[in-house]
Each structure stands twice: as structure tokens, then as C-alpha cells.
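These notes are about the structure you will find just below.
Laboratory data are not the source of any read-out in this text; all were calculated from the coordinates shown. This is a predicted model, so every value here is computed, not measured. Cβ placement follows ideal geometry from the backbone for every residue including glycine, while neighbour counts extend to all protein chains displayed.
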Amino acid sequence: SPAANLPNCQPPHDKISIVEVPTKHPERAAVVATPVLFPDGGNPGGPNPDGTNRSATTGCHDLTAYPEKNLMAGACMGDGVLFDLSDKLNPRVIDRVQDNVNFAFWHSATFNNSGTKVVYTDELGGGSLPTCNATFGPNRGADGIYDITGRGDNRKLEFRSYYKLPRYQTENENCVAHNGSLIPVKGRDIMVQAWYQGGISVWDFTDSANPKEIGYWERGPLSDTQRIVGGSWSAYYYNGHIYSSDIQKGFDVLAINDWRTAPAKSVRYDEFNAQTQPVYGRG
């Protein structure tokens, strides 16, 4: 994190870097703009009643661009942000939201295919705590589902609900919302997501206010007697399979067999980048 004693990482650390990459000469890539996103400092952060801390906004942890829609979603530690990317060198903040009751660390963001929703994750405890239990409940260390309402510069992020694993994990399993991606099913909003030792969850947020799990896979705790950090760090869907990076066990490839996700198997793309979402179809 930014700190006064770090000469190359001074607070407020409120810029992002825009890198231009000439596709025929990528070796000539260069930073072409460094816009300030939080001139007012963003969320100041603070303590939560349970002893954890709500992160201050000192930058953006993850930025997810959706070029087809000229949108970008920023998970910015203490803020969830929606950007307009019509001018690529001058991203404009359209809306910012905070959740000072349940969110501790805005970690990552995923659009639905139509660009009308954003799922933000809260990495409460930095991925090392067992937050999928009765102590933290269903709303902390979860996903926040936001609809994008309005048009143009009047677009707003409207909170609809939380999604969290619908089953408790043990006190020795680090578990919290983490990296995932859309599963391309026309007419539905479905994503796969990593939850560290909570495993991998496939869930449907077509109804933003009532998200539901379709299926899951997990190994169980690494230990019954001590807390060992492990589990799925990321889970991404690509061309018919789910690819997961397990901190302790290595690389997993999984198949999902369900009528609700079956149409995705016919969708094929030549590349995948979780931070630059493709549009699936034009419908």
C-alpha cells in the first residue's frame, strides 16, 4: 500500500496508467496518460465492528474494461466505480458507490454480457481469513450485484443484492469472493467464480435481486487442525471448460454439465482476457 516512507509509492496513489501498444511493434509500448481518478481522496476507510478494517481508496485493485460498450468497472479498494471509455485517453467517472456496512475491500469487477450489470467482489481479509461461516454471515466477503440504470452521463450503479456461497466452510478454510468470469449463455447472466478453499461456484444472477447457485466443486479443507492458505485463486470459463488456479494443488480443468450452461459450449473464441471482456454475440 502507499506509504510516506516509500519514495516510489507515495499517497494518495490515485492515478491509473494508460498504455498504448502499437500492435505491429509491441516493443514500442509506452504510458501515454496517467489520469487522477480520486481528486477528493475517495473512501477514507476505517474499522468495522468485527475488528476487520474497511480499506481506504488509495487506487484501483482491478480494472475491467468492456470495449464493446465503452465502459470500464473499477474495483477500487473502498469504492466501486463505473467509467465511460468513449475517449480512451480520458476515462470519465460516471458513478461511484461505497458500501460501508458490508464491503471491506473492493477487489474485482465483472460485467454481464449486455453491459447492464456489474458484479463487484469483496475480498474481506485479503483471502487469508475463513469468512464463509456464521461469524461473517451471508453479506460480508461476498459479491455485490449492481444494475446500471439510466442513460449516458446519468447512468447509476444501483445495488440489488449480495451473493455468497450458500454453505458454510470450516474455521480452517480461507474463503472469500475472488476472481471469476462470465459463462456465455444467451439471455442469462451466469458466471463462475473462485472462493479459495470454498472451491468453485457457478451461479446465475439473471434476476439481480435473487442470485442462485447452479453448481460447485471443492476439495474440502487442507487441514482439520490448522489454517493453511490454499484453494482456487481464480476460475475462468473458456471454450467449454473452467480453468482454475489452486494455490496449493496447481492447475485444474473442469467441465460443467448442466442444461442452463449447455448453450455456452457452442461459443468459441480465439483468446480470453478476464480484464478486457469480450462481447458474446451481438444480440
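When each of SER223, SER232 is scored by the number of other beta-carbon atoms lying within 10 Å, the sequence from fewest to most is SER223, SER232.
What net charge do the residues around TRP259 carry, taking every other residue with its C-beta under 13 Å from that of TRP259, with Lys and Arg at +1 and Asp and Glu at -1? Charge balance near TRP259 sits at +1. Which value does Rg/Rh take for region 158-205 over its C-alpha atoms, Rh per Kirkwood? Result: Rg/Rh = 1.02.
Beyond 21 Å, the tail of the calculated P(r) for region 62-160 holds 31 percent of the Cα pairs.
Just checking the listed ones, LYS24, LYS212, LYS15: in the Gaussian network model of the chain with Cα springs under 10 Å, the one fluctuating most is LYS24.
The residues packed around VAL119, meaning those with a beta-carbon under 13 Å from its beta-carbon, carry a net charge of -3 if Lys and Arg are +1 and Asp and Glu are -1.
Values of log10 I(q)/I(0) for region 21-69 across q = 0.18, 0.24, 0.29, 0.33 Å⁻¹ run -0.83, -1.03, -1.10, -1.13, by the Debye formula with one identical scatterer at each alpha carbon and no solvent.
Mean sequence separation of contacting Cα pairs (under 8 Å, at least six apart), scaled by the length of the chain, corresponds to a relative contact order of 12 percent. For the chain, the number of Lys pairs separated by eight or more positions or lying on different chains, with C-alpha atoms closer than 22 Å, is 16. Between the listed residues GLY180, ALA65, GLN248, the Cα displaced farthest toward the positive end of the dipole of the chain, a dipole computed from Cβ unit charges relative to the Cα centre, is found at ALA65. Percent of C-alpha pairs per 5 Å bin in region 136-283, short distances first: 2, 9, 17, 20, 20, 15, 9, 5, 2, 1, 0.
Size descriptors for region 53-117, from the alpha-carbon set: Rg then Dmax equal 11.9, 36 Å. For region 7-46, the normalised intensity computed at q = 0.14, 0.15, 0.22, 0.33 Å⁻¹ comes to -0.47, -0.52, -0.78, -1.07 (log10 of I(q)/I(0), Debye sum over alpha carbons, equal scatterers, no solvent). The Cys residues in the chain with no partner Cys Cβ within less than 4.7 Å of their Cβ are CYS9.
Across region 41-167, the mean sequence separation of Cα contacts (distance under 8 Å, 6 or more residues apart), normalised by length, yields a relative contact order of 18 percent. Across all C-alpha atoms in region 1-145, the radius of gyration and Dmax reach 16.5, 54 Å. Of HIS25, HIS61, the sequence from fewest to most neighbouring Cβ atoms within 10 angstrom is HIS25, HIS61.
As a ratio to 2.2 N^0.38 Å, the alpha-carbon radius of gyration for region 72-229 is 1.06. Remark: spin-label model distance ASN210-ALA29 equals 4.5 nm, labels positioned 7 Å along the Cα→Cβ axis.
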